[in-house]
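Only one structure is covered here, and it is reproduced in the block below.
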Amino acid sequence: MASLREFVRITAGRMGVPAVVFAAGLVLSGYACQLYWQRSEAQQLAQLGEAANNYASLLRQRLEQYVSATRALAAFFSASDAISREEFDNYVKASRMLDRLEGMSSFGYLPRVPAARLAPFEAEAARMFPGYRVVEPRPGAADYYPLLYGQHAWDPLRADRLRGIDFAAVPVRWRAMQRAAATDEPVATALHTALRDPANRPVVLIFAPVRKASAGVPDELAGFIFTALYVRQLFGTFDEGRLAQQFDLEVFDGSVAAATTVFDADGATHALQRGRAHVLAHRAEVRFGERRWLLYFYAKRAQLAAGSLNEAALVFSVGMLLTLIASYAALAWPRYASGKRAMRDFSERFAGFFEHHPFAVFALDPQGRFLQANQQMARELGVSREELAGMAVARFVPQQDREAAARSFDEVLAGNAVAYTHQVESADGRRADLSIVMIPMSAGDTVSHVLGFAENITERKQAEAALHASRQMLQAILDNIPQSVFWKNVDSIYQGGNRSLLEAAGLHSIDQLIGKTDADLRWKDQAEVYRQVDLDVIRSGVPRMRMQARDVRRDGEVCWIETSKIPLKDDRGQVMGVLAVTEDITARKYMEEELFRRANYDTLTGLPNRGYFNNQLEEAVKRAQRHHGLALMYFDIDRFKLINDTHGHDVGDSVIRLFAQRIRSVLREADFVARLGGDEFVLIAEGLNEAGDAVVIAQKLVAAMAAPFDLAGTPLPVTSSIGVAWFETGMAPEALVKAADQAMYDAKRAGRNCWRQAPAPRAASAEAPPGSD
């Protein structure tokens, strides 16, 4: 210490104050460099932690979408009596889940096959998939769960290679399947190796139970739907590789251990190592399908060091520059003192005009040094006005902005007023954004000094940055939902949209969408229709919800689209545009149509069933109350029980099918015929002029059965007895059915193979006209 003091004393004596200032500045710059190195690393870790948190949130949403997709396909199978291979393929194709959900490799259906029914099941499956058999069935198992249907995202032949394998033979899968059956919810497996995969890729499967009513059991387990996730594919493509540039990601299942590792980006498990060789930036937890994944985000040391080194070097450079300025100032002190006396008169005038101005006001000499500043300017720079006098303005400008600030100052010295924005760094290290206006002040033909006004706009810029970040997050959310979302102004010009809309329109970026109308896009043929709907919503201010229409996809396939449009209003309630959400509902429409068909049509004949008939009869009676012309015919197959008992139920089913075909062959297009059950049929005939028209139809039905039925080369005579009831005003549907039913039994008593007409409610019973038999 004594030697240092002696050195400073000798140096001060030999070189004076400037050398001492330079030496002190060098020491302080080195100390500041170290502090900024540490602060930079902490700031980078905070930013990386925020980015990792956003990644974990998006990953959580993606995994929930996988679970939901598995549950939806299981619900589709549970709602159907039987699903064909084509129906399975159409559902997966229409839902586009393998296209929309990156990382999801495949879907599959595993029916429950009791051991006692193994041989019949293999025979039935072999009709769809020649050579099908259950591969290596578990010895002594009560049930098998072999793959029947499957779809793979990028390997169409993989489902064929795995078809027939009993998935329950893999213990980790069987445990998940048992848990899913017990909870009736989707359950994910632990990480394990994919079956028969040459690359030995790690995979996670999600199982959802399929339940159906069977033999008095309302919710019997009928099998499972599974979804397969290739873990490396999931984490490698999830964010287009951006994560790998910032972090080393490690994922564990339930607890941190080598055996529970799900994914490790670099193959070196840092979570199991001690010490701080690797910096943990963020830790998160993601739950799905009863699994708990632990996510560890490790910062890359090389990137941290590079960022900290850059900022520390910048701080050191600024410190050295300020040191040089301070040394020069010490050297120029006599000249400064002289200039300060010359400034006194100007300072007095400056204080009188600008001391209480709301903006920061300052005056500079042609060398860019402060002549005067008001109290607001002193507060912005963190120094007193007395200390500020004579300081160079460049001292408070960050290094990256100094060149631009110097150009602006040169332009002012050339006699031009200048306005610009840049940051300043106060004496205590605070940074602020200032909007600056500088005006040249001349004495004759020479600029003697520069008058400046500065407004602190830091909060405004922060608010703009926050708004920008919020918009980016909103766009990210919109881009990760399957529906197409877009918004237009009052002229139906697109102002924005999400990724799903861009894909539907065949566009690559949002810039290609903004400013266009529907007439400029792929669906230009429907542009005028869409424009009218937009105008209706904008003018009325009332939303149009769940509008459904047919459309054609980019690949030419017909689909169903559901659209909702709502008005966008400003703070005053004025409509400023329209927001729309569209969704491809082809799979849902397909399911609705299938459910309607199964609920309202007879599976044996394809004719409407009893429930559908009852609804149609009620509507027909309502119409007949006003227009009349309605007849109801009730008929069955004569001696059908004898046919069943003699030839068997298979022949009986064939007779019913052929009987229904002959009925349809002689009816009008407007006639409604239904099978009520067994061999009973009913016909609603509307638009008739008189009761005799119904008699003509009955005669055709009797005549249609004249030729014997050909059953595999064996002729079989089949006849029918028909009861005809004519509607009279005031009759209820039940009365009309009862009258036709009674008339049918009259025909049977008359010897069958004929028809009889029910008497009018208010008239005496009448025999059928001659020849009705």
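The values are calculated or read from the model by the stated rules, or taken from the named source; none is laboratory data. These figures come from a predicted structure and were not determined experimentally. Quick reminder, even Gly has a Cβ in these numbers, built from the backbone with ideal geometry, and neighbours come from all protein chains shown.
Of note:
- Qualifying residues in the stretch 508-547 (those that are surrounded by fewer than 13 Cβ atoms within 10 Å (Cβ to Cβ) and among the polar types (S, T, N, Q)) - the one farthest from ARG572 (Cα to Cα): SER509
- Residue list for the stretch 136-177, filter: more than 22 Å from PRO202 (Cβ to Cβ) and either aliphatic (A, V, I, L, M) or in a helix (DSSP H, G or I) (or both): ALA141, ALA142, LEU148, ASP160
- Failed condition for ALA427, given (1) within 21 Å of THR458 (Cα to Cα); (2) touching a Ser or Thr at 6+ places or on another chain (Cβ under 9 Å); (3) at pLDDT below 85: (2)
- Residue within the stretch 694-701 that is over 11 Å from TRP755 (Cβ atoms) and either surrounded by 14 or more Cβ atoms within 10 Å (Cβ to Cβ) or in the same structural domain as LEU632 (by TED's automatic domain parsing) (or both) present: no
- Per-region count, the stretch 100-110, residues closer than 23 Å to ARG588 by Cα and more than 12 Å from the chain's Cα centre (by Cα): 7
- Against the numbered list (1) within 27 Å of ALA599 (Cβ to Cβ); (2) free of Cβ contacts under 8 Å to residues at least 40 places away in the same chain; (3) not in a helix (DSSP H, G or I), PHE107 comes up short only at (2).
- Scope the stretch 110-126; condition more than 23 Å from GLU594 (Cβ to Cβ) and either surrounded by fewer than 16 Cβ atoms within 10 Å (Cβ to Cβ) or not assigned by TED's automatic domain parsing to the domain that holds ALA141 (or both); matching residues: PRO114, ALA115, ALA116, ARG117, ALA119, PRO120, ALA123, ALA126
- Pairs are defined by a Cβ separation below 6 Å, a sequence spacing of at least 6 or placement on different chains, a first member in the stretch 603-617 that is more than 22 Å from SER654 (Cβ to Cβ), and a second member that is small (Gly, Ala, Ser) and buried (at least 18 other Cβ atoms within 10 Å of the Cβ); the pairs so defined are PHE613/ALA674.
- Every pair of residues 6+ apart whose Cβ atoms lie under 8 Å, when the first sits in the stretch 130-142 and is assigned by TED's automatic domain parsing to the domain that holds LEU221 while the second is surrounded by 16 or more Cβ atoms within 10 Å (Cβ to Cβ) and assigned to a loop (DSSP other than H, G, I, E, B): TYR132/ARG163; TYR132/GLY164; ARG133/GLY164; VAL134/GLY164; VAL135/GLY164
- Residues of the stretch 68-99 that are among the charged types (D, E, K, R) and either assigned to a loop (DSSP other than H, G, I, E, B) or within 15 Å of the chain's Cα centre (by Cα) (or both): ASP81, ARG96, ASP99.
- Candidates in the stretch 430-456 are the residues that are among the β-branched types (Val, Ile, Thr) and at pLDDT 85 or above; of these, the one that is surrounded by the fewest Cβ atoms within 10 Å (Cβ to Cβ) is ILE439.
Conditions tested, residue by residue: (1) outside the structural domain of PHE453 (by TED's automatic domain parsing); (2) modelled with pLDDT of 85 or more; (3) surrounded by 20 or more Cβ atoms within 10 Å (Cβ to Cβ); (4) assigned to a helix (DSSP H, G or I).
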residue	(1), (2), (3), (4)
PRO334	yes, no, no, yes
HIS356	no, no, no, no
ALA363	no, yes, yes, no
ARG395	no, yes, yes, yes
